[in-house]
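One structure is given below, encoded as structure tokens.
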Amino acid sequence: MTDHSAEITHAEKDQRPLAASLLRGWRRKCPNCGAGPVLKGYLKVNDSCTVCREEFFHHRADDGPAYLTILIVGHLMAPMLHIVFVTWRPEPLTLFTIFAVGCVGLSLYLLPRLKGALIGFQWAKGMGGFGDT
């Protein structure tokens, strides 16, 4: 009986839609139903969905969203910094101010969305306790 329940858990885990759960997480919604919020503040994760009661307390996003944010912001802003400097040669203080505000703004926008997407990824793949019944 135990082996059969493990097979069902594995089959259920394989049937979870990855793209839909990533998109729902990006929108900061529950990866299961897409209606309830996954975050209750800026980065604080709800213990469970208010709509479908899917549990989130066992997620393991940890530092993943921060690393992804740094990776994306760095790969977008570094080439833009070079292009702007070579093309227009602005004053260094002006260049620094514009790109500092841009980096902070983009980081603040991406961080909660990437956290939601990472939780959605974990849910879809059955990682970190999401596959347990």
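The values are calculated or read from the model by the stated rules, or taken from the named source; none is laboratory data. For clarity, every value in this text was computed on a predicted model and none was experimentally measured. Quick reminder, even Gly has a Cβ in these numbers, built from the backbone with ideal geometry, and neighbours come from all protein chains shown.
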Restricting to segment 77-109, what's the tally of residues that are over 12 Å from the mean Cα position of the chain (by Cα) and under 21 Å from Asn46 (Cβ atoms)?
1
Looking at (1) under 15 Å from Pro31 (Cβ atoms); (2) among the basic types (Lys, Arg); (3) modelled with pLDDT of 95 or more, can you tell me which one Arg89 breaks?
(1)
Residues that are small (Gly, Ala, Ser), touching a Ser or Thr at 6+ places or on another chain (Cβ under 7 Å) and within 19 Å of Arg16 (Cβ to Cβ): does segment 102-116 have at least one?
no
Cβ pairs under 6 Å, 6+ apart, first in segment 110-130 and farther than 13 Å from Val45 by Cα and modelled with pLDDT under 95, second polar (S, T, N, Q) and assigned to a helix (DSSP H, G or I):
Gly128/Gln122; Phe130/Gln122
Collect the residues in segment 11-51 that are part of a loop (DSSP other than H, G, I, E, B), surrounded by fewer than 17 Cβ atoms within 10 Å (Cβ to Cβ) and either free of Cβ contacts under 8 Å to residues at least 24 places away in the same chain or touching a Cys at 6+ places or on another chain (Cβ under 8 Å) (or both), keeping them in residue-number order.
Gln15, Cys33, Ala35, Lys40, Gly41, Lys44, Asp47, Thr50, Val51
